[in-house]
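Data block below; observations after.
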Amino acid sequence: MEQESERLAILHYAAPPVVGGVEATIYHHARLLTAKGYAVEVIAGRGESFHPRVRVHLLPETDSQHPAVLAISSRLAKGECPASFMALRDRLVIQLRELLADAAVCIVHNAMTLHKNLPLTAALRILADERITRFVAWCHDFAWQDARYRPALHHGYPWDLLRTAWPGVRYVVVSHDQRVNLAALLDVPAESIAVVPPGIDPAELLKLDDASVALLERLDLLAAHPLVLLPARITRRKNIEFALQVMAALCRMMPAATLLVTGPPGAHNPANVAYLESLQQLRTELGLTERVHFLYQCGPDERPWHVSDRVMADLYQLADVLLFPSEREGFGIPILEAGLARMPVFASDIPPVRESAGELAWLFDPHGDAEQVARAIAHYCATDRAYQLRQRVLHHYTWRSVLERYLMPLLSEVLADGG
């Protein structure tokens with residue numbers, strides 16, 4: 001079966017736009033898996049349509065807060081299993097059986113280890129035993145290991161469903177610590193439980209402008225290591241050729257290093273267009289075509305692009321290093337902007353920079369040794385913990401990296417299992 005035809009269901013008590021960590025996970029998994037070609041459908045008790053290509057099925061009695069569920073839960077907390085429990089369980093079996101009949105995989109969040117809707121848990125156990133689909137139990141919380149919940153749990157059915165490994169179900173947790181805990185609870189080898197961490201969306205967290213997000217995607221800037229910013233118009237006094245020499249040396253040490261030159265050719269001297277052409281030629285000669293970007297030439301549809309103030313503000317949040325090799329400046333505003341953005345500054349040793357940055361910038365001769373500057377930048381990257389943590393997050397914990405590193409391999413394994 002081709003991946004494009006695979007139908008993937010995600011089930012939880014609630015779905016976006018309900019606010020919560022699980023609901024956020026559902027949102028990002030659904031949008032990214034849809035982009036990968038899966039036909040994603042969400043089944044929940046509460047929620048709304050949140051993506052044009054993700055269908056949402058609302059089954060009110062799958063909600064942990066449904067009145068019938070709350071009434072049954074109150075009785076269960078006292079150790080009673082009322083007839084209404086069985087009636088609701090059986091209704092859910094019928095409804096879910098129909099929705100899951102053609103699903104290749106159903107990811108169930110929390111319902112297999114948490115007691116917030118035990119009729120739903122019991123219904124899912126029946127369907128798992130029927131092998132109606134391949135179930136993945138995504139376990140965020142474990143009722144039997146939480147002191148707050150233990151008084152509401154009792155020995156026997158249905159409470160024991162939450163501490164029993166279900167045959168044919170693949171279990172997933174969000175951390176290695178949780179894997180140890182779940183393995184102890186279910187009495188299974190820890191290695192049988194997959195670990196898939198949650199992630200973050202840099203564009204969402206940093207409130208990036210749409211144009212900035214588009215630029216990130218066009219140039220794959222989140223993969224840069226480090227991302228170096230040179231905010232300047234393209235004029236000869238900006239000494240951009242020295243920055244290219246620095247990048248050539250830096251890329252020998254850090255092959256994913258990337259430089260952004262933000263400005264257009266200076267508007268008041270026709271010779272600046274020729275200067276840009278000479279920089280492009282030097283970029284080619286140094287083998288930096290994929291590593292140095294003149295943003296003036298990186299607009300949508302390859303049209304000339306003038307970077308807005310909003311996008312510049314975003315670039316100061318995204319970049320790791322300011323490289324400022326000017327031969328002369330009246331003042332040098334980028335030094336101040338970088339300082340406000342907590343960005344390390346590597347700049348020419350000229351009077352305006354000494355005045356504004358004092359001893360707080362790494363200063364160099366703008367006609368000196370480019371390799372020495374590159375070594376200084378590489379040393380910063382190798383020793384600064386904030387930089388290293390940022391890179392760790394970008395490479396391991398964005399939603400996109402979680403998808404590629406963890407979620408897609410997990411689904412491939414589950415789909416390869418005949419069930």
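Annotation for the stretch 348-419: chymotrypsin sites (Phe, Trp or Tyr not before Pro) lying in DSSP loop with at most 16 further Cβ atoms inside 10 Å of their Cβ are TYR397. The Rg/Rh ratio of the stretch 204-396, with both radii computed over alpha carbons and Rh defined as the Kirkwood radius, is 0.93.
Other residues within the sphere of radius under 15 Å centred on the Cβ of VAL273, judged by their own Cβ, net out at +2 (K and R +1, D and E -1).
Size descriptors for the chain (Cα atoms only): Rg and Dmax, in that order, 27.7, 86 Å. Neighbours of LEU415 by Cβ distance under 10 Å: Lys/Arg scored +1, Asp/Glu scored -1, total -2.
If you fit an axis through the alpha-carbon atoms of helix 210-219 and take the longest principal axis of the Cα set of the chain, what angle between them do you get, 0 to 90°, nearest 10? The answer is roughly 80 degrees. For trypsin sites (Lys or Arg not before Pro), the sites in the stretch 52-155 that DSSP calls loop and that have at most 12 other Cβ atoms within 10 Å are ARG53, LYS78, ARG131, ARG148.
Between ARG400 and MET253, the contour length at 0.36 nm per residue exceeds the alpha carbon distance by 50.3 nm. Only aspartates and glutamates eight or more places from LYS207 in sequence, or on another chain, were considered; those with a Cα closer than 16 Å are GLU217, ASP309, ASP314.
For PRO351, neighbours were defined as the other residues whose beta-carbon sits under 15 Å from its Cβ, and their charges (Lys and Arg +1, Asp and Glu -1) total -3.
By the helix-only formula, in which each DSSP H run with n ≥ 4 contributes -39500 (n - 2.57) and the sum is divided by residues, the chain has a 222 nm mean residue ellipticity of -12500 deg cm²/dmol. Under the combined filter of DSSP loop state and at most 15 neighbouring Cβ atoms within 10 Å, the stretch 249-315 retains none of its trypsin sites (Lys or Arg not before Pro). Ignoring lysines fewer than eight residues from LYS116 along the same chain, the ones with Cα atoms less than 19 angstrom from its Cα are LYS78.
Take every Cα pair under 8 Å whose residues are at least 6 apart in sequence, average their separation, divide by the length of the chain, and the relative contact order is 12 percent.
We did not get these values from a lab; they are worked out from the coordinates using the rules stated. Small disclaimer: the values here were computed from a predicted structure and weren't measured. Positions of Cβ are backbone-derived with ideal geometry, glycine not excepted, and every protein chain shown enters the neighbour counts.
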